[in-house]
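Written out below as structure tokens is the structure these notes cover.
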Amino acid sequence: MATDAGDPIPAPLPRFPDAFLWGVSTSAHQIEGAATEREPSVWDLFTAEPGRVKDGSTAAVACDHYHRHGEDVALLADLGVDAYRFSVSWPRVNSPGGLDFYDRLVDELCAAGVRPVPTLFHWDLPASLDWLRRDTADRFAAYVSVVAERLSDRVSKWITLNEPAEHTLLGHALGAHAPGKRLLFDALPVAHHQLLAHGLAVRALRAAGASDIGIANSHGPTWPASAAPADTEAAGFYDLLLNRLFAEPVILGEYPDGVGELMPGDVTADLKVIAEPLDWYGINYYAPTKVGAPGGTDTEYGGLALPAELPFSVREIEGRPTTDFGWPIVPEGLTELLTGFRDRYGDRLPPILITENGCSYEGIDDQDRIAYLDAHIRALHTALESGVDVRGYFVWSLLDNFEWAEGYARRFGLVHVDYETLERTPKASYRWFRDVLRAQR
């Protein structure tokens, strides 16, 4: 069907269950600003080093959400989302008045009819701490207890960690993110200590009377570059490293074969903590990864330098459109991922929430973002029809923001932010998503 102008009229999105949770996501370091009003994080130190961020910027001001959160809550209310996933800054909570800010934010969200969904760690580790140290997990649990004691009377859904895989790989193995360490496989203790912190946080939350707890792990299908044994073996290793390593300790209570021996000390008791039962499992999805045998030379993929000593190489996925970030657009990969999780983990898999999905595009009339989100929501519904227990979907992100080592060069928001004036302007995708939510009700 077409309009008089010849443009196709998109079919309405399929109906999701009445209890399905629709939301948007952000993170503290990327939007809050007010950096002088909290103690430093590893990201403050990282961005202060020349050459670490592509445009030389920092998140000292970012979107100034700390001072303008009232505007942003009003945007959320107008958008009509059920829930808002934000993160709590550990360095801010450590600072005078920091927890008061989140107290006010939660009150305002509740008054606006938006369910607060805090993530307790989204990469902004206090600068005095180090995930290579085991005691950081204990200190995280203590911090979580403080936050839960203040907020659990109004917060009924919690996320412990965001993307420990990326924080391990980019921040500690390859040095592309804070804290900028290039340890390669010596970064594995960072993975274990984050997973242990997750389990301890679940216990701390439940002890404080909190419920409805999950984690936000990033996952994507791994596609071998060919059927050749060297390529399939390399793809299997990549899948283990980026998917199974972070899913199976949480879901199954065990590391994949051979991995536990690489972790610090005897991890048997730790795995019982890591596998504390969850109410749901969060997945951040962006794209599959095509993987082949190592090529013997340093390579670059998506702006990331990959050293030759890695036992795999990442290849371009050809024949697919890409976002402004250069990421391939593969909505059916979300269906593949979710049905694969169901098949792999069976009844051990908790209900799933898509805790992030989104894309980087310039412009306020962002029709490409609308097409991207439309296709991924349809792919999610296909997984649901295939029997996957999916209970929610969060768009990344509410606002354009500081995009880590990319600085302000990438725009993921439904709302445009002018970084000079900090004016917020809803994009076409914001209005489209608002219409989607109204149609679902």
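The values are calculated or read from the model by the stated rules, or taken from the named source; none is laboratory data. This structure is a prediction, so every number in the text was calculated from the model and none was measured. Methodologically, a virtual Cβ is constructed for each residue, glycine included, from the backbone with ideal geometry; neighbour enumeration extends over all protein chains shown. Heavy atoms of the whole protein, side chains included, go into the accessibility calculation; ligands, DNA and RNA do not. Shrake-Rupley method; radii C 1.70, N 1.55, O 1.52, S 1.80 Å.
Descriptive notes on the structure:
- Gly265, sole failed condition from (1) open to solvent by 10 Å² or more (accessible area, probe 1.4 Å); (2) closer than 30 Å to Val144 by Cα; (3) at pLDDT 95 or above: (3)
- Only one of the listed residues (Glu32, Glu49) is among the acidic types (Asp, Glu) and either over 22 Å from His416 (Cα atoms) or out of contact with any helix residue (DSSP H, G or I) (no Cβ under 9 Å at 6 or more places or on another chain) (or both). That residue is Glu49.
- Exactly one residue among Leu245, Leu196, Leu188 is in contact (Cβ under 8 Å) with a residue 24 or more places away in the chain, hydrophobic (A, V, I, L, M, F, W, C), assigned to a helix (DSSP H, G or I) and open to solvent by 10 Å² or more (accessible area, probe 1.4 Å), and that residue is Leu188.
- Candidates Pro17, Pro91, Pro10, Pro50, filtered to the one that is in contact with an Asp or Glu (Cβ under 7 Å, 6 or more places away or on another chain) and exposed (fewer than 13 other Cβ atoms within 10 Å of the Cβ): Pro10
- Residues of the range 248-258 classified as open to solvent by less than 30 Å² (accessible area, probe 1.4 Å) and assigned to a loop (DSSP other than H, G, I, E, B), total: 3
- One residue from Pro189, Pro221 being closer than 25 Å to Ile329 by Cβ and in contact with a Pro (Cβ under 6 Å, 6 or more places away or on another chain): Pro221
- When the range 291-329 is filtered for residues that are surrounded by fewer than 16 Cβ atoms within 10 Å (Cβ to Cβ) and either touching a helix residue (DSSP H, G or I) at 6+ places or on another chain (Cβ under 8 Å) or on the phi > 0 side of the Ramachandran plot (or both), the ones remaining, listed by number, are Gly296, Gly302, Gly303, Leu304, Pro307, Glu309, Pro311, Gly319, Gly326.
- Filtered residues of the range 20-47 (kept if within 18 Å of the chain's Cα centre (by Cα) and surrounded by fewer than 23 Cβ atoms within 10 Å (Cβ to Cβ)): Leu21, Trp22
- Scanning the range 268-290 for residues that are of a type in the set (Val, Ile, Thr) and within 24 Å of Pro331 (Cβ to Cβ), we see that the one that is least open to solvent (accessible area, probe 1.4 Å) is Ile283.
- Screening Asp343 on (1) in contact with a helix residue (DSSP H, G or I) (Cβ under 9 Å, 6 or more places away or on another chain); (2) without any contact (Cβ under 8 Å) to a residue 40 or more places away in the chain; (3) farther than 30 Å from Val42 by Cβ shows it passes everything except condition (1).
- Whichever residue in the range 152-168 is part of a helix (DSSP H, G or I) and crowded, with 21+ Cβ neighbours inside 10 Å and, among such residues, is farthest from the chain's Cα centre (by Cα): Thr168
- Residue count for the range 341-366 under the criterion of being of a type outside the set (D, E, K, R) and loosely packed, with under 15 Cβ neighbours inside 10 Å: the result is 4.
- When the range 94-111 is filtered for residues that are small (Gly, Ala, Ser) and open to solvent by 40 Å² or more (accessible area, probe 1.4 Å), only Ala111 remains.
- Selection count, the range 199-239, where residues are open to solvent by 30 Å² or more (accessible area, probe 1.4 Å), under 21 Å from Arg115 (Cα atoms) and in a helix (DSSP H, G or I): 1
Let's see how each residue does on (1) of a type outside the set (A, V, I, L, M); (2) within 18 Å of the chain's Cα centre (by Cα):
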residue: Ile274; (1), (2): no, no
residue: Ala287; (1), (2): no, yes
residue: Thr297; (1), (2): yes, no
residue: Tyr301; (1), (2): yes, no
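- Being over 17 Å from Ala74 (Cβ atoms), touching a strand residue (DSSP E or B) at 6+ places or on another chain (Cβ under 8 Å) and not basic (Lys, Arg) is a property that holds for Trp396.
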